């Protein structure tokens, strides 16, 4: 899967109502051949800016989760790769560039939705002119940026 295909896959999943965090993580897992549905399930509450509080955008947390799957450890006997920090830093830096015109990397800055307000959420999903269009693009852009990082990592091998 190319970074461009990751972009399209993440957008497709987001449009099918995966949270942004899940869409980016799932596309990253697919690219890397990882089958870990529990991680995708665990990413659900990161949509809406961590528990719908408007904090850090789920696109970023989904991407970081994939990098952690590749480079972190699952128990204390395993070694953690320093690449986890390097690649995560690169993704955060790229995400800040992608969200430059939004006013920040938080969901409240990007989507500008109060996820606790049913009418606001309904408008976000129902109005074709809502900021959801920005989120769709950002899901794709983040997945592509993650794909480019993963591709560079594969080429090191």
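List pairs: first in the range 130-142 and free of Cβ contacts under 8 Å to residues at least 60 places away in the same chain and at negative phi, second buried (at least 16 other Cβ atoms within 10 Å of the Cβ) and assigned to a helix (DSSP H, G or I), Cβ under 8 Å, 6+ apart or cross-chain?
130/124; 131/110; 131/124; 132/124; 134/102; 134/110
Filter the range 55-64 down to residues that are in a helix (DSSP H, G or I) and in contact (Cβ under 8 Å) with a residue 40 or more places away in the chain and give me whichever is surrounded by the fewest Cβ atoms within 10 Å (Cβ to Cβ).
Initial filter on the range 55-64 (in a helix (DSSP H, G or I)): 58-64.
Those left that are additionally in contact (Cβ under 8 Å) with a residue 40 or more places away in the chain: 58-63.
On the way: 58: 33, 59: 34, 60: 28, 61: 21, 62: 31, 63: 30.
Step by step, filter the range 55-64, then rank; the result is 61.
Residue under question is residue 27, and the condition is that it be crowded, with 24+ Cβ neighbours inside 10 Å and more than 24 Å from residue 122 (Cα to Cα); does it hold? So that I can check it myself, show each step before the final result.
Details: crowded, with 24+ Cβ neighbours inside 10 Å: yes; more than 24 Å from residue 122 (Cα to Cα): yes.
Yes.
If we keep just the residues of the range 14-31 that are touching a residue at least 60 places away in the same chain (Cβ under 8 Å) and touching a helix residue (DSSP H, G or I) at 6+ places or on another chain (Cβ under 6 Å), which is farthest from residue 146 (Cα to Cα)?
Looking at the filtered set, the residue picked out is 14.
Filter the range 126-140 down to the residues that are within 20 Å of the chain's Cα centre (by Cα) and more than 17 Å from residue 109 (Cα to Cα) and list them by number.
Passing the criteria: only 140.
So the check is Cβ under 8 Å with 6+ separation or different chains; which pairs have a first residue in the range 74-92 that's in contact (Cβ under 8 Å) with a residue 60 or more places away in the chain and a second one that's part of a loop (DSSP other than H, G, I, E, B) and surrounded by fewer than 14 Cβ atoms within 10 Å (Cβ to Cβ)?
Matching pairs, first to second residue: none at all.
Which number in (1) in a helix (DSSP H, G or I); (2) under 21 Å from residue 22 (Cα atoms) marks the one condition that residue 101 misses?
It is condition (2) that residue 101 fails.
Any residue in the range 65-81 that is buried (at least 24 other Cβ atoms within 10 Å of the Cβ), touching a helix residue (DSSP H, G or I) at 6+ places or on another chain (Cβ under 8 Å), at pLDDT 95 or above and over 20 Å from residue 5 (Cβ atoms)?
no
The values are calculated or read from the model by the stated rules, or taken from the named source; none is laboratory data. The structure displayed is predicted, hence computed values, not measured ones. All Cβ positions, glycine included, derive from the backbone under ideal geometry; neighbour counts span all protein chains shown.
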